[in-house]
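The values are calculated or read from the model by the stated rules, or taken from the named source; none is laboratory data. These numbers were taken from a predicted model, which means no experiment stands behind them. Every residue, glycine among them, receives a Cβ derived from its backbone with ideal geometry; neighbour counts consider all protein chains shown.
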Amino acid sequence: MNHASSILLLAAIAMTMVSCSHERFAPRAPSILDVPANYVGKTVDDVSDWRSCQDLGLPKLTALLTQMSEENFQLREAMARIDAAQAVAEQTGAARWPRLQASAEASRSDTGSTGPGRRIPGQRLPGGSSAGAGVGTDEGSADNQYQAALSASYELDLWNRLASRYEAAVFDAAASRYSWDSLRISLGASLAEVWANLIAQRSLLRVYAQQLDVSRDYVELTELRYGMGSGSALDVTQQRQQLESLQGEVAQARGRREALSAQLNTLLGEIPGGELYPAIADLPSLPELPTQGVPLELLEQRPDVRAAFLRLQAADARSAAAVADRLPGLQLSGNVFSFARQTSELFDTLFWDIAASLSTVIFDAGQLAAAVDAAESRAEAQLYVYAQTLLTALEDVKSALALSRAQADLIASLEAQQEEAQRALSLARTAYVQGASDYLRVLTTLQSLQQLQRGLIQARQQQFAYGIQLCRSLGFGPGLKLVKRGEHKSVSETAEREQ
């Protein structure tokens, strides 16, 4: 066995020994959480046709979501980060290929004689005479020289060090895309909530208008009875105060409407001030909610969960690159060059050389070993980030389902209370007109009914918000369809094909 073969054998043995200590954490991801049974059993197709999660049944919302995707500055920033991550991946991948460099040089030199017979033009001779140019001189000559060279260098990726770094950069680029999807879902949900809240404020203002008319009627009733001597000034004062209270709440509702419109402008990338009020009068109904949990596969494909897993894979790849940094590196280089005094003769004679160099670290006080430990610790940390992201997704779904069901029960209760309050007000008014009761009971019942009417609108708006939260927790987004496994052609898949 020759010396070169011995070196390669020792390097292979070293690679085997170091690789044994390298741990990949991505394979542990599927078993990191013990998911309850109620999160399995269904397939993705059971809930992937929730069209209402894409358009939410709100006219014009789809167009606003499209505008937000194009104009929102947070999304544009995230898209720029995607481009940057893709460029970094391409830059990192370029190191896997040979590097070719060309150079050219031209020079001119004077090779004139400096012998004793040479005199410099204008030099004083003995007797005061001057020497003319070239008189009594040994003339030299000027020389041109041209040089061209082509050099190539290439690092043999013996231990997949360069491939691992490229793989990590590709995973980062894919993760940034999923992060953009996650941000778009989040901002889309925020936009839908603001839009729905605007609809609720419009409904609320309509109810306020009706309640103001009713309260004015009761002001007239108390004034009439007071004028007839059947009522008291206190009745009139209390009803006028109730009317003023309503007018104050109307002013607050209008202020909230303008504030929501400003939020909508900001989400759309516009300067706040333009009024964007929906024409729809009432909130639409969301689809029926699942009652037995959701498939884990669906949650695993949430954009934020996918991004966390891709970053885990990137951390594993960087850990593998850190291990490879401890092993010998083999560099190949070659040069082709030519010299000539005339450009026409530059490539008549070519010279070349080829070299190979093998280098490895003998002693570094544990620097590279510490780098491996650090890379593996970061990969382990990213595993827990992935687990926490998935756990948060489970929590989001569970919370959204629980709150939505509770809100539905609340709405049913408010509807029943409103019917009873309406009957109570009718009875109290009749008793007051007949003089069988004072006005305080009428006023109390009227305020209760009006509060229930407003509370019902707010409860329905909150139920709609919980529905949006459920859509978001399932990985759906307004205007964004579910991407099933294999449908999203990411750069990471491209990298896998290349490898």
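Residues are listed down the side, and each one gets a yes or a no for (1) surrounded by fewer than 19 Cβ atoms within 10 Å (Cβ to Cβ); (2) modelled with pLDDT of 95 or more; (3) in contact with a Cys (Cβ under 8 Å, 6 or more places away or on another chain); (4) in a helix (DSSP H, G or I):
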| site | (1), (2), (3), (4) |
| --- | --- |
| VAL372 | no, no, no, yes |
| TYR384 | yes, yes, no, yes |
| ARG405 | yes, no, no, yes |
| ALA428 | no, no, no, yes |
| ALA436 | yes, no, no, no |
| PHE464 | no, no, no, yes |
Within the set of pairs 6 or more residues apart or between chains, which connect a residue that is outside any helix (DSSP H, G or I) inside the stretch 222-241 to a residue that is surrounded by 13 or more Cβ atoms within 10 Å (Cβ to Cβ) and at pLDDT 90 or above with Cβ atoms less than 6 Å apart?
GLY231/THR222
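Each row is one residue, and each column tells you yes or no for (1) β-branched (Val, Ile, Thr); (2) part of a helix (DSSP H, G or I); (3) within 30 Å of LEU312 (Cα to Cα).
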| site | (1), (2), (3) |
| --- | --- |
| ALA173 | no, yes, yes |
| ILE185 | yes, yes, yes |
| ARG216 | no, yes, no |
| ILE271 | yes, no, no |
Given (1) at pLDDT below 90; (2) in a helix (DSSP H, G or I), where does LEU456 come up short, assuming only one miss?
(1)
Filtered residues of the stretch 85-97 (kept if part of a helix (DSSP H, G or I) and surrounded by 13 or more Cβ atoms within 10 Å (Cβ to Cβ))
ALA85, GLN86, VAL88, ALA89, GLU90, THR92, GLY93
Within the stretch 388-403, restricting to residues that are surrounded by fewer than 17 Cβ atoms within 10 Å (Cβ to Cβ) and either small (Gly, Ala, Ser) or under 24 Å from ALA317 (Cβ atoms) (or both), the one that is modelled with the highest pLDDT is GLN388
Within the bounds of the stretch 338-349, is there any residue that is touching a Leu at 6+ places or on another chain (Cβ under 6 Å) and buried (at least 16 other Cβ atoms within 10 Å of the Cβ)?
yes
Qualifying residue in the stretch 206-221 (condition: farther than 21 Å from THR445 by Cβ, in contact (Cβ under 8 Å) with a residue 40 or more places away in the chain and surrounded by fewer than 15 Cβ atoms within 10 Å (Cβ to Cβ)):
yes
Which residue, of SER261, SER245, is more than 16 Å from TYR208 (Cβ to Cβ) and part of a helix (DSSP H, G or I)?
SER261
What pairs can you find where one residue is in the stretch 52-70 and on the phi > 0 side of the Ramachandran plot and of a type outside the set (Gly, Ala, Ser), the other is part of a loop (DSSP other than H, G, I, E, B) and modelled with pLDDT under 65, and their Cβ atoms are less than 7 Å apart, with a gap of 6+ or different chains?
LEU56/PRO478
How many residues are crowded, with 16+ Cβ neighbours inside 10 Å and either free of Cβ contacts under 8 Å to residues at least 40 places away in the same chain or within 26 Å of GLN469 (Cβ to Cβ) (or both) when one looks only at the stretch 438-447?
2
Just a yes or no: is a residue in the stretch 317-339 among the polar types (S, T, N, Q), in contact (Cβ under 8 Å) with a residue 60 or more places away in the chain and touching a helix residue (DSSP H, G or I) at 6+ places or on another chain (Cβ under 7 Å)?
yes
If you take the residues in the stretch 222-234 that are touching a Gly at 6+ places or on another chain (Cβ under 8 Å) and crowded, with 17+ Cβ neighbours inside 10 Å, which one is farthest from ALA428 (Cα to Cα)?
ARG225
Given (1) aliphatic (A, V, I, L, M); (2) surrounded by 16 or more Cβ atoms within 10 Å (Cβ to Cβ); (3) at pLDDT 90 or above, number of the condition LEU65 does not satisfy
(3)
Exclusive hit being buried (at least 17 other Cβ atoms within 10 Å of the Cβ), modelled with pLDDT of 80 or more and either under 21 Å from ALA173 (Cβ atoms) or within 28 Å of the chain's Cα centre (by Cα) (or both), set LEU310, LEU327, LEU286
LEU310
Return the pairs, sorted by first residue and then second, in which the second residue is surrounded by fewer than 16 Cβ atoms within 10 Å (Cβ to Cβ), the first residue lies in the stretch 402-420 and is over 26 Å from GLN447 (Cβ atoms), the beta carbons are less than 6 Å apart, and the residues are 6+ apart or on different chains.
SER404/LEU289
Restricting the search to the stretch 346-366, which residues are hydroxyl-bearing (Ser, Thr, Tyr) and closer than 21 Å to ARG326 by Cβ?
SER357, SER359, THR360
Long-range neighbours under 9 Å by Cβ, at least six apart or interchain, first residue under 19 Å from VAL372 (Cα atoms) within the stretch 155-181, second acidic (Asp, Glu) and surrounded by 24 or more Cβ atoms within 10 Å (Cβ to Cβ):
ASN160/GLU167; SER164/ASP316; GLU167/ASP316; ALA168/ASP316
